[in-house]
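The values are calculated or read from the model by the stated rules, or taken from the named source; none is laboratory data. All figures in this text were calculated on a predicted structure; none of them were measured in a lab. Neighbour counts are summed over all protein chains in view; Cβ atoms, including those assigned to glycine, are modelled from backbone coordinates with ideal geometry.
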Amino acid sequence: MTTPSFRLPQKRALVTELPGPKSTALTARRQASVAAGVGSAVPVYTADADGGIIVDVDGNSLIDLGSGIAVTSVGASDPHVVEAVREQAGHFTHTCFMVTPYEGYVQVAEELAAMTPGEHEKRTVLFNSGAEAVENAVKVARLATGKNAVVAFDHAYHGRTNLTMALTAKSLPYKKHMGPFAPDIYRMPGSYPYRDGLDGAAAARRAISQIEVQIGADELAAIIIEPIQGEGGFIVPAKGFLPTLVDWAKSNNVVFIADEVQTGFARTGQWFASNDEETVPDIITMAKGIAGGLPLSAITGRADLLDAVHPGGLGGTYGGNPIACAGALGAIHAMRAYDLPARARAIGDIAFTRLRALQEEIPAVGDVRGRGAMIAVEFVKPGTNDPDPALAKAVAAKALSEGVILLTCGSYGNVVRLLPPLVISDDLLSEGLDVLESAVRSLT
């Protein structure tokens, strides 16, 4: 196994208050030029980033426990990615695979066929964003089955396009006043062990019963679900929930789509979260960590499904851009060289040990959950499981003031999530956890 090397010192260091004067000046410029609808989690502007550190324009070095929302798993400037991108950019930046194709696209497709769950024959299509991947997976399922209905789940997040907003559960900020949305989308209860108390099989039977009553398998093209729900709160379904759904789908000619945009590429300690219970999706959607920060997404699935689509039915001008493909090949090489699935498991061992001890100590910590380096703390009002979004927001703000970037999420806004780069050192991770724990204690 290769050990990552870094350009930047992997140390937290604050030289100004946050945000500093240069970040503050950039915010003023931004407000005069960038649409207000584009939000940012933290008010500091990046000048450099490497490994587990982001350096802002004022020279502050912050511990990155967000990874650009699970994107920079190999770090934001890993040499494998940088060199692959530099080499490709020196030859050509674009030709459009639908016009004059190139080997990089084919290589990425070959890698994804080998990496994704299942030994069946597979096909891949490349796009730019997770939402594009999800939308095209639904298109494939509908065309291949000749059916229209699609089931998504409570607390789901699948994107911001019209169809993917329909699939996404949370209204504000993603959907409010932005409809009407694509039709034939149905929402079912999922598995949220902290809140529903059901075992996996029982939660799945509840969903299946409602599907059969409200839709009928003969009308249902696809079920789409995140194996661990991301924006909804890093909700890990109870064991048995996903396999029961998969078995029912396969028995009823329903395409099972695993949305692994956030969970994929070693994040959960496996190459894909579906591997944990050995579920084999018919189609898997991927993005975020796929290309070391370059915009790329993919669907990989059963050959008979994807090949059912007529020529020209899938694609896009920039889908599988050659530079993004080079970034993906570099990132996948780095993931293997660093054995990032194992590293994600080690990160989880460190974080969960400490955060579950904090849970025992602090009544406001209602639940600690996740898998590998996909880690969440759900905050509640002590003595209840009533969500406390104000506390989650305050914890993230307090951590930022100390130089640690944390993200919040959850249908109720009461979850702090940790998505560190998988190459982060133990020392830097532990320091970030120190700051998080201190913030929780000071605020409760």
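A residue that is under 25 Å from the mean Cα position of the chain (by Cα) and not small (Gly, Ala, Ser) occurs somewhere in the range 9-20.
If we scan the range 92-100, do we find a residue that is modelled with pLDDT of 95 or more and either surrounded by 15 or more Cβ atoms within 10 Å (Cβ to Cβ) or touching a strand residue (DSSP E or B) at 6+ places or on another chain (Cβ under 6 Å) (or both)? Looking through the range 92-100, at least one residue is modelled with pLDDT of 95 or more and either surrounded by 15 or more Cβ atoms within 10 Å (Cβ to Cβ) or touching a strand residue (DSSP E or B) at 6+ places or on another chain (Cβ under 6 Å) (or both). Note on the range 21-48: residues that are in a loop (DSSP other than H, G, I, E, B) and either within 27 Å of the chain's Cα centre (by Cα) or surrounded by 11 or more Cβ atoms within 10 Å (Cβ to Cβ) (or both) total 12.
Annotation note: Cβ proximity below 7 Å between a residue of the range 233-257 that is assigned to a loop (DSSP other than H, G, I, E, B) and a residue that is among the β-branched types (Val, Ile, Thr) and surrounded by fewer than 24 Cβ atoms within 10 Å (Cβ to Cβ) (sequence gap 6+ or interchain) occurs for Asn253/Thr145. In the same structural domain as Val261 (by TED's automatic domain parsing), at pLDDT 95 or above and closer than 13 Å to Ile257 by Cβ - does that describe any residue in the range 164-179? The answer is yes, given that some residue of the range 164-179 is in the same structural domain as Val261 (by TED's automatic domain parsing), at pLDDT 95 or above and closer than 13 Å to Ile257 by Cβ. Residue selection: His177 fails the criterion of being out of contact with any helix residue (DSSP H, G or I) (no Cβ under 6 Å at 6 or more places or on another chain), part of a loop (DSSP other than H, G, I, E, B), of a type outside the set (S, T, N, Q) and crowded, with 22+ Cβ neighbours inside 10 Å. Contact list please: Cβ distance under 8 Å, first residue in the range 339-352 and touching a residue at least 12 places away in the same chain (Cβ under 8 Å) and closer than 21 Å to Val368 by Cβ, second residue of a type in the set (Ser, Thr, Tyr) and surrounded by fewer than 19 Cβ atoms within 10 Å (Cβ to Cβ), pairs at least six apart or on different chains. Within 8 Å, the pairs are Ile350/Ser430. Considering the range 77-102, the residues that are of a type outside the set (D, E, K, R) and outside any loop (DSSP other than H, G, I, E, B) include one that is farthest from Cys325 (Cα to Cα), namely Pro79.
Quick check, is Ala89 touching a residue at least 40 places away in the same chain (Cβ under 8 Å), out of contact with any Ser or Thr (no Cβ under 9 Å at 6 or more places or on another chain) and surrounded by fewer than 17 Cβ atoms within 10 Å (Cβ to Cβ)? For Ala89, the condition - touching a residue at least 40 places away in the same chain (Cβ under 8 Å), out of contact with any Ser or Thr (no Cβ under 9 Å at 6 or more places or on another chain) and surrounded by fewer than 17 Cβ atoms within 10 Å (Cβ to Cβ) - is met.
Checked against (1) buried (at least 22 other Cβ atoms within 10 Å of the Cβ); (2) not assigned by TED's automatic domain parsing to the domain that holds Gly293, Ala334 passes all but a single condition, namely (2). When the range 288-308 is limited to residues that are surrounded by 24 or more Cβ atoms within 10 Å (Cβ to Cβ) and not in a helix (DSSP H, G or I), the one that is farthest from the chain's Cα centre (by Cα) turns out to be Gly301. Contact map, the range 313-334: first residue over 14 Å from Ala133 (Cβ atoms), second residue among the basic types (Lys, Arg), Cβ cut-off under 9 Å, separation 6 or more or different chains; pairs are Gly313/Lys139; Ala326/Arg86. When the range 386-405 is limited to residues that are touching a Gly at 6+ places or on another chain (Cβ under 7 Å) and among the aliphatic types (A, V, I, L, M), the one that is surrounded by the fewest Cβ atoms within 10 Å (Cβ to Cβ) turns out to be Ile405.
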